[in-house]
Amino acid sequence: MSEKNDDLKKVVNQALAEQKVPHVKLDKMKPSTVDIDKLTKPSKETHQEYWGKGLTFLAIILIILLVVSIIGFVGEHGLATFFSDHVNIIHFLTSTNWDPTQGENHVGALAMIVTSFLVTLISALIAAPFAIAVALFMTEYSSKRSAKFLQSVTELLVGIPSVVYGFLGLTIIVPTIRNVFGGTGFGILAATLVLFVMVLPTITSLTVDALKAVPTELRNSSAALGATRWQTIYHVILRASTSRILTAIIFGMARAFGEALAVQMVIGNAVLMPYNLVSPSATLTSQLTSQMGNTVMGTLPNNALWSLALLLLLMSLLFNFLVHLIGKKGKK
Amino acid sequence: MDDLKKEPTYIKTFSSDELALSTKNLSVLYGGTIQKLFNVSLGFKKNAITALIGASGSGKSTFLRSLNRMNDKVATVKGNIIFHGLDVNKPNINVYELRKNIGMVFQKPNPFPKSIRENITYTLKADGQKDKQKLDQIVEESLRAAALWDEVKDKLDKSALALSGGQQQRLCIARAIALKPEILLLDEPASALDPVSTAKLEDTLKQLRSRYTMVMVTHNMQQASRISEYTAFFHLGHVLEYDVTSNVFTNPKGRITEKYIQGSFG
């Protein structure tokens, strides 16, 4: 008898060791006794809270430091042009005479400012309608599966490095323009076409997000009033998402304004006021990338480039400000 | 299911000149296989409010949405929907015109992000109505009919989103009746509203019932008994009982209906 009992014990122990049998003794659930002491003392959780708060706070401090020092550095060098090299700021903004090696009377950035704005505005103006149409197709008309496919295509386009776009522009667009319009083929038109392809996916994916944010109930209730799909899109959906679509376009413009490499490869890099769309020209960014290796730190030509960088920084601040402004208006 | 077969059912019928809308053997399938509605045949009397009651998932909202073809791309709807002698559940029906005759108001108040005026004129304008005087007239008429005119007449060009939930829902009714439909489908129109707004909405519906045929889905049985003349009880995709509201509530024929009305489930 006792041998059998031992046997059974062995079997059970073996099974427990191999975890074949759950060795948890089940009790009826009931409230545990309250430990009054614990209620007034810090525990592991409260320490975790401190740590979590502290870590995120540190990260924030780091970012703020970074931003402040970037603005400070760019500002210091950018403003040196005006304060220590005595370039007139009005002259800088209104003259097209750009040859900083010749002294302070030859630091006029107007040609680059105008070119930068032209390529940005034209590419955004062409890209926006296309992007909105593509986004509308993806959210309102296509099936879920093809929308997913299109979405991954646009994401792929966003991810292609800008040098690839520039290279494509250089080998395809520039020769084509040369053949059609004559001249060198470099210029605003080539830059605009390259930027159009680059900002299209940006504006498209942000517009898709904007359209997806429109509640389905609005589509349904418009349909229930006998409106067609197109009437619903035109009068309700676009209306409801106007501010977010504008934001998408501004993000696209910010990308176009800040794009350096691809533009530098196709714009011709001659600091001249563009007199037509196919004359070689230069943007703020393209001038920065093409000239930064040719100047000595601390000299006027170098400081003049920093002034261009400062201008770009201010523009991106302006774009950000616009986005916030539109977002606020959209909420009203 | 076997329980349902043994359950006594009662479906009231109307003579054809009393009918505004009727269905014959209406079945709804989702994804081709999941059946949510089984051969429902109901007739709705002209200028009366009919309440559709039943537990969640009983198919009453599915049924309602089928009536003006809002289920077109969502589900397969089989059977006939007879409107003015015409089967409107056929592919050759112009759904846009149909929905102008059979309007719908949804559960959540959902005005368009436009002004109050534009909420009402939007579909009229899209339809080609350009006469400003005529549009103004329709705006006032429909807002008055929805008992909202006095509250909003001074702010017609303000955003409709600034209105309270109850006012928004009455605006949704106003913009539906601006198209002069014969029938209004109401999908739990008061479920997102507080009691005071609900009372106002119910008053509005009562005022409208002499001119419109209304079919209303509701979870609120007091509401059904307060404002509807007829009540249909849905259970698991079948209609078990359809009669004068007072009969359904005081003298239900079936056991399941009785249990639901007493609040034993649902």
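Things to note:
- Computed from backbone phi with θ = phi - 60° and the Karplus coefficients 6.51, -1.76 and 1.60, the 3J(HN,Hα) list for the range A:112-121 is 6, 4, 4, 4, 4, 5, 4, 4, 5, 5 Hz; x is used for glycine and proline.
- Structure-based [θ]222 nm, the protein assembly as shown - -39500 (n - 2.57) summed over DSSP H runs of at least 4, per residue, nearest 500: -17000 deg cm²/dmol
- GNM top mover of A:17, A:59, A:133 - chain A, alpha-carbon springs below 10 Å: A:17
- Selection from B:231, B:244, B:216 lying farthest towards where the dipole of the range B:190-249 points positive, charges on Cβ: B:216
- Taking every residue in B:123-134 and counting other chain Cβ atoms within 10 Å of its Cβ, the average works out to 2.
- Computed from Cα atoms, the angle from the helix B:195-208 axis to the main principal axis of chain B rounds to 90 degrees.
- Ordered by the number of other Cβ atoms lying within 10 Å of each residue's own Cβ, fewest first, A:209, B:243 fall into the sequence A:209, B:243.
- Cβ crowding within 10 Å, taken as a proxy for footprinting-reagent exposure, orders B:179, B:205, A:300 from fewest neighbours to most as B:179, A:300, B:205.
- Coupling constants for the range A:216-228 follow from the phi torsions by the Karplus curve (6.51 cos²θ - 1.76 cosθ + 1.60, θ = phi - 60°), and in residue order they are 4, 4, 5, 4, 4, 6, 5, 4, 5, 8, x, 7, 7 Hz; glycine and proline get x.
- Relative to the longest principal axis of the Cα atoms of chain B, the long axis of helix B:165-177 makes an angle of roughly 90 degrees.
- Other-chain or far-sequence residues with amide H under 5 Å of residue A:270's (modelled H): A:281, A:282
- Here the range A:120-290 is treated with +1 on each Lys and Arg Cβ and -1 on each Asp and Glu Cβ, and its dipole about the Cα centre works out to around 360 debye.
- Gaussian network model of chain B, springs between alpha carbon atoms under 10 Å - residue of B:84, B:235, B:219 with greatest fluctuation: B:84
- Largest mean-square fluctuation among A:107, A:119, A:296, in a Gaussian network model of chain A whose springs join Cα atoms under 10 Å apart, belongs to A:296.
- Using alpha-carbon coordinates, inclination of helix A:188-212 to the longest axis of chain A, degrees: 30 degrees
- Going by neighbour counts of Cβ atoms within 10 Å, the residues B:226, B:255 line up, fewest first, as B:255, B:226.
- Placing +1 on the Cβ of every Lys and Arg and -1 on the Cβ of every Asp and Glu, with no other charges, gives the range A:234-332 a dipole of roughly 720 debye about its Cα centre.
- Dipole of the range A:120-290, positive end: most advanced residue of A:251, A:129, A:161 [Cβ charges, Cα centre]: A:129
- Note on chain A: with charges restricted to the Cβ of Lys and Arg (+1) and Asp and Glu (-1), its dipole about the Cα centre is near 1480 debye.
- Peptide B:90-99 - average C-beta neighbours from other chains (10 Å radius): 2
- Test item: A:233-243 mean partner chain Cβ contacts at 10 Å: 2
Each value in this text was obtained by applying a stated rule to the coordinates, not by laboratory testing. Predicted model only: the values in this text are computed from it and were never measured. Virtual Cβ from ideal backbone geometry, glycine too; neighbours counted across all protein chains shown.
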